[in-house]
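Data first, discussion second: the structure below is written as structure tokens.
Any read-out appearing in this document is the output of simple, stated calculations on the displayed coordinates, not a laboratory observation. Predicted model, so just to flag it, every value in this text is computed and none were measured. Note that we place each Cβ from the backbone using ideal geometry, even for glycine, and neighbour counts take in every protein chain shown.
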Amino acid sequence: MPGFPLAATTADITIEGSNLSLVWTVFGVSLVALVLAWVFRRQVLAAADGTEKMQEIGRAVQEGASAYLSRQFRTLGGFVVLVFALLFLLPGDADIRIGRGVAFVVGAIFSAAIGYLGMWLAVRANVRVAEAARNGDRDSGMRIAFRTGGTVGMATVGLGLLGASGVVLLYRADAPSVLEGFGFGAALLAMFMRVGGGIFTKAADVGADLVGKVEQNIPEDDPRNAATIADNVGDNVGDCAGMAADLFESYAVTLVAALILGKVAFGAEGLVFPLIVPAIGALTAVIGVLITRPRPGESGLVAINRSFYISAVVSFVLCAVAAFAYLPDSFADLSGASGSVASLDGDPRLVATAAVAIGIVLAGVILWLTGYYTGTDKRPTLDVANTSRTGAATVVLSGIGLGLESAVYTAGIIAAAVFGAFTLGGVSPALSLFLVALAGCGLLTTVGVIVAMDTFGPVSDNAQGIAEMSGDVDGEGAQILTELDAVGNTTKAITKGIAIATAVLAATALFGSYTDAWYTKAVEVAPNGSTSNSFLTDVTSPNVLVGLILGAAVVFLFSGLAINAVTRAAGAIVFEVRRQFREHPGIMDGTEKPEYGRVVDICTRDSLRELATPGLLAAMAPIAVGFGLGIGPLAGYLAGAIGAGALMAVFLANSGGAWDNAKKIVEDGAHGGKGSEAHAATVIGDTVGDPFKDTAGPAINPLIKVMNLVSVLIAPAIVQLSLGADASEPLRLTIAGVAVVVIVVAVAVSKRRSIGIAEDDGGDEVDGTREPESVGSPSA
């Protein structure tokens, strides 16, 4: 039999006594985290909300963001209902299928709720940060922005622990199977929110920059630019809502993989300890949020990084204490561990502590490395800014080179962490894969602070935009907001790097869960070992390499679709903003007001229209490969997707982050400052990097986890149609064929839209694929 014999006899595993008490404790911690989120939220809303003009602009941003997310959730509701129904077609006990379907819906709702909370509070915090800066109070502005993120961070860990511990309390030993649905719901919604929000925010950003900065030579958030409100809305639906949902699903999916593998490797303790580790992280995240305050004359980034490292160290110490207090000192003493693990020599407390330490250290190293490649005071980004003296082409080339180089180092560090955790398991594949998942749980201990760091970025960016549009903040206040915005740019880049590391660890652990899923079903349908059917391909088969190539190719196709979607949407924004400047000359001299709502409508319509194709690709490609080529090629597919996804995500994120901060360096006065040719060159680089770092790159994180979860879910069905009495090659190939047709049609429709934008000398021309009134139509 190919693959690892992970399946264990776990029928006698029970969650009772002290184990049950600990799960209830974790459940209680989740409620505490949610209460603390509410406390931080009240502290943010208690701050003064600025002048009447600032409040007016803030309300426009709030209305646009709320309208977009409401329409997005209505659109995604159909997907949730469809997938909920399809989950019942998968093999398994009726109770498990019902629980998995309900958990899927709960996971999707939690992911959407986290995204909405992140958006809702951020669009109210931005005016409060601007007001604090207007009064010259940098510390208060920074505290408001960071506690906004702290609110979302505590809600993320609270809902993640609530869902996982709640399922364990209800389903006990069967919880891992049910939690597959919870993780899938969270990941699917996060991917859609990442793609849709990313298209919205970058279409508005690119359109605003190209027409405003380059063509009209006006500041980034000048109120005369019709795309400025949409740009500020996009920061919230893309960065706040999208990233919050992304990190929540990473949290949920990592826990799912850890519990699946923990049940096999550690028995009852494997269902409890992975919950204890992130519960500790929830408590230490509070420390990280509360101690974040810069010392006199100190950079805000230094203060944030210090808080992160302090909370990470505290998390490690407490996790080590928990491991030695809870786990036995012998593998043989674990409750219900599989035979291969129970027979090992060594101390499970030590290996568990080491695995958690690997995850925590990985987070710290990625934070440092990403900061090095994207920070405004570090040589790589300074070099990119320096190339602006020779034009946009060299800026683009240097950013691409930086991204490619940094991807190698970052991927190498992540791979070293995976290898280190896997090696801790010795000769037991079951234990090794569980320790990889446990390393992911270690990284999860930092998620509360990571979300706070990420949300800090768009809140401070919005605050600067509102200040500039209102004209009510100048002098020292404007300088404070410029500093906070620069810090926010770096924290956003850093958190993207950590999110990628989390995604790879989760996907690697899910890869082990996939092996367990198909092997368990194969043993069930062929109990006598008659599993020589050629469909269960050996890993040496060329078909496995075919699967690997297809997995890597899907990552490239997904990235291309996302970037092209931004290109189309941004093109529509450029035409609309140009039209308003052309038809309303009074906008430039301040006698006419731009029609901000038309641009918001275009971004909303185009981003929601582009959601389907990437989503269908993520869900259908594993089905096509699995049912069409087999279990082995699907394993190769997942390996190719994880490897290519890690490299591509880091490349896109770091290139985009470096271009963005290179622009900031020039705008701060380097190489001629604002309005110079060097500035125009860095604006071009930044617009190229926008869909890199905020659309395609971040969306790869949920992509690889969605594909892994789909594979885990369908693996038993693939085996059932390949072996035993229910084997049916015609049905299996029909399912694969339908999946291929869906992908081809979805991509064809997407490509057809790509020719829907053209421009003539007099305005905006379409070729029939886009309705003439669609560009800028409020009713679109």
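Before moving on, here are some points about what is shown:
- All other residues whose Cβ lies under 13 angstrom from that of residue 681 are scored, Lys and Arg at +1 and Asp and Glu at -1, for a net of 0.
- Positive-end extreme of charge dipole, segment 412-513 - chosen from 458, 507, 443 (charges on Cβ): 507
- Maximal additional length on extending the residue 553-residue 170 stretch stands at 133.9 nm, based on 0.36 nm per residue less the C-alpha distance.
- Fewest-first ordering of 751, 705, 674 by other beta carbons within 10 Å of each residue's beta carbon gives 751, 674, 705.
- Two-site FRET efficiency, residue 748 against residue 397, from Cβ-Cβ distance with R₀ of 25 Å, rounded to 0.05: 0.15
- Our estimate of slack between residue 677 and residue 332, defined as 0.36 nm per intervening residue step minus the Cα-Cα distance, is 117.2 nm.
- Amide H contacts for residue 335 (H built 1.01 Å from N in the peptide plane; partners 5 or more residues away or on another chain; cut-off under 5 Å): 268, 269.
- On the beta carbon distance between residue 293 and residue 368, with R0 = 25 Å, the FRET formula returns roughly 0.70.
- Value of [θ]222 nm, deg cm²/dmol, for the chain, DSSP H segments ≥ 4, -39500 (n - 2.57) each, nearest 500: -27000 deg cm²/dmol
- As a length-normalised measure over Cα pairs under 8 Å and 6 or more apart, the relative contact order of the chain settles at 20 percent.
- Exceeding the 22 Å Cα-Cα cut-off - candidates 213/693; 263/496; 496/705; 213/751; 213/593: 263/496; 213/751
- Along the chain, longest interval not containing exposed GluC sites (Glu not before Pro), exposed being DSSP loop plus at most 16 other Cβ atoms within 10 Å: 299-591
- With N counted as the residues of the chain, its alpha-carbon radius of gyration over 2.2 N^0.38 Å works out to 0.92.
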